[in-house]
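Below: the structure, in structure tokens.
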Amino acid sequence: MGGTGQADVEGRALSDQPWGGRFGEEPDPLIDRFTRSLAVDSRLLREDIAGSRAYAKALVGAGVLTGDEQRRIDQALREIEAELHTESTDPPPPLWGRAGVGGLIPEDIHMAVEHRLREKLGPLGGKLHTGRSRNDQVAVDLRLYVKTAGVQLLEAISMLEATLIVRAEEHLDTVMPGYTHTQRAQPVLLAHHLLAYVEMLRRDHGRVRDALNRADVSPLGAGALAGSGFPIDRAALAEELGFAMAAANSLDAVGDRDFVLELMAACSMAMVHLSRLCGEIVLWTSAEFAFASLPDALASGSSMMPNKKNPCAAELVRAKSGRVAGDLVNLLMVLKGLPLAYNRDLQEDKEALFDAVDTTLSCLQVTARLVAGLRFDREAMRSAALAGYTLATEVADYLSRKGMPFRDAHRVVGQLVAKAIESHRQIEDFSLAELQQFSSLFAADVSDHLTLEGALKSRDVIGGTAPARVKEALARVKA
Ligand code: ARG
């Protein structure tokens, strides 16, 4: 029953495990299915081929392959990429099944490509893995994937930023209540509110960039753990694959996944921001707020209640933030306590990473669509700002500017607000004479401060909601 360790080029029923030389039994089907990762890591086909093509070149330099052998391997690898390039499925496409025997499917994408290479080239196909391990192979594939995915994330973040900026520019004069504790607090510009998310996204962009910079290191040539036994020019190999440098330590190169965690942490943070933004879309489109509505095309109905129009996409973005954070925690827990260097536990990194990237990318796109489509109700926002005693702080500031200690001013205006609530009025409804009953410091110029525009204008500091400051902030983020 021992494996032959040879490619089944004739389609004969031979065991085709690469470690067949050491083993005396066929794999148990349950264990085989359980340990196999092809359905997940088949997504790394392109990266795997790129890594192998570069590695074959390095093997020429190391004196393992002749130039002619390298060209034949390169050609075959390019053919395999074209043949196998298909969506991941389990069981995988017939071609991959054929590489194994009696339904034995290659364990992972690396074995699938190698099986096929040996089918095509015979023994020459078996030379490619010289001095290489799947441990440095999978690490290089994953770093290449992270670099591509990171760039897609950067683009999607920038797209949402641009959408928010467009909407902010349309609403430079739309006033809304700013909130703390979900209670109306002080008036702010809608543009200011939207630009707050742009700031968050700019930091998310920076975090993805940082993650990419640190991921930009080639593990190839680290071998299984101790470094390749062949004179591979690791620096040239790194350059060939577009990496900034070769990893400095072979154990670290194959044993760590911090670069995956960093990208997932950046995704998680971005998702928290999206979740908050989409949570606000849910609030704003409710009848209770009625600050905005979604076009029908961006909302969903109810199967039972004919009256309903639900912001389902926004709710799902809010929920999926938890899923991405879960992916991050998942891999943190996988890595915690693993002895150096490679452990099979690391195979679990890919499902979490792919899910985090796919989810974050789709949520960025969906959120941009929602933001672009929102129809803001300027009047509703303005009247909410007026109705919430949101000018109270401005009046207290007014008294302080006249010389009253702020603590006293706070108390005086608090009494004024209590009176207003009791008499079902707004502060701006009080006459000057009435105001003067609360403090003799009130003068005719208080009327300038009893308007939303007056309150906005006085928040005139860097980062404040004064219209001039918001215009400046907008110009800065547009640049
Ligand atoms: N499928 C494996 C993974 O994703 C590849 C490396 C397997 N290495 C090993 N020695 N079993 O981690």
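The values are calculated or read from the model by the stated rules, or taken from the named source; none is laboratory data. All values reported here derive from a predicted model rather than from experimental measurement. Note that each Cβ is placed from the backbone with ideal geometry, even for glycine, and that neighbours are counted across all protein chains shown. Quick note on the areas: whole protein, heavy atoms, side chains included, nothing else; ligands and nucleic acids left out. Shrake-Rupley method; radii C 1.70, N 1.55, O 1.52, S 1.80 Å.
A few notes on this one:
- Beta carbons closer than 8 Å, at least 6 apart along the sequence or on distinct chains, never pair a first residue in the range 334-349 that is aliphatic (A, V, I, L, M) and at pLDDT below 95 with a second that is open to solvent by 30 Å² or more (accessible area, probe 1.4 Å) and more than 7 Å from the ligand (Cβ to nearest atom).
- All positions within the range 305-339 that are more than 15 Å from ALA266 (Cα to Cα), small (Gly, Ala, Ser) and exposed (fewer than 15 other Cβ atoms within 10 Å of the Cβ): ALA319, GLY337
- Output for the range 207-226, where each listed residue is farther than 19 Å from GLU47 by Cα and either touching an Asp or Glu at 6+ places or on another chain (Cβ under 6 Å) or open to solvent by 30 Å² or more (accessible area, probe 1.4 Å) (or both): ARG207, ARG209, ASP210, LEU225, ALA226
- Qualifying position, being surrounded by 14 or more Cβ atoms within 10 Å (Cβ to Cβ) and touching a helix residue (DSSP H, G or I) at 6+ places or on another chain (Cβ under 8 Å), among ASP377, ASP355: ASP355
- The test for being in contact (Cβ under 8 Å) with a residue 60 or more places away in the chain and under 18 Å from GLY178 (Cα atoms) holds for ALA455.
- Scanning the range 436-467 for residues that are among the polar types (S, T, N, Q) and either part of a helix (DSSP H, G or I) or surrounded by 17 or more Cβ atoms within 10 Å (Cβ to Cβ) (or both) yields GLN436, SER439, SER447, SER458, THR465.
- Meets criteria (among the aliphatic types (A, V, I, L, M), within 23 Å of GLN70 (Cβ to Cβ) and either away from the ligand (no atom under 16 Å from the Cβ) or in contact (Cβ under 8 Å) with a residue 12 or more places away in the chain (or both)) for MET159: no
Here is a yes/no grid of residues against (1) among the β-branched types (Val, Ile, Thr); (2) within 18 Å of LEU190 (Cβ to Cβ):
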residue: VAL371; (1), (2): yes, yes
residue: SER383; (1), (2): no, yes
residue: HIS410; (1), (2): no, no
residue: ARG425; (1), (2): no, no
residue: HIS449; (1), (2): no, no
residue: LEU452; (1), (2): no, yes
residue: LYS457; (1), (2): no, yes
residue: LYS471; (1), (2): no, yes
residue: LYS478; (1), (2): no, yes
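- Some residue of the range 346-355 being away from the ligand (no atom under 16 Å from the Cβ) and at negative phi: no
- Per-region count, the range 235-253, residues assigned to a helix (DSSP H, G or I) and either under 19 Å from VAL146 (Cα atoms) or open to solvent by less than 50 Å² (accessible area, probe 1.4 Å) (or both): 8
- Scanning the range 131-150 for residues that are within 11 Å of the ligand (Cβ to nearest atom) and in a helix (DSSP H, G or I) gives ARG134, ASN135, ASP136, GLN137, VAL138, ALA139, ASP141, LEU142.
- Checking the stated criteria, GLY63 turns out to be more than 16 Å from the ligand (Cβ to nearest atom), at positive phi, modelled with pLDDT of 75 or more and open to solvent by 20 Å² or more (accessible area, probe 1.4 Å).
- Within the range 405-435, restricting attention to residues that are of a type in the set (S, T, N, Q) and closer than 17 Å to GLU394 by Cβ, the residue that is surrounded by the fewest Cβ atoms within 10 Å (Cβ to Cβ) is GLN415.
- Within the range 16-51, the set of residues being outside any loop (DSSP other than H, G, I, E, B), among the small types (Gly, Ala, Ser) and more than 16 Å from the ligand (Cβ to nearest atom) comprises just one member, ALA50.
- Any hit, the range 290-306, residues being in a loop (DSSP other than H, G, I, E, B) and closer than 30 Å to GLN426 by Cα: yes
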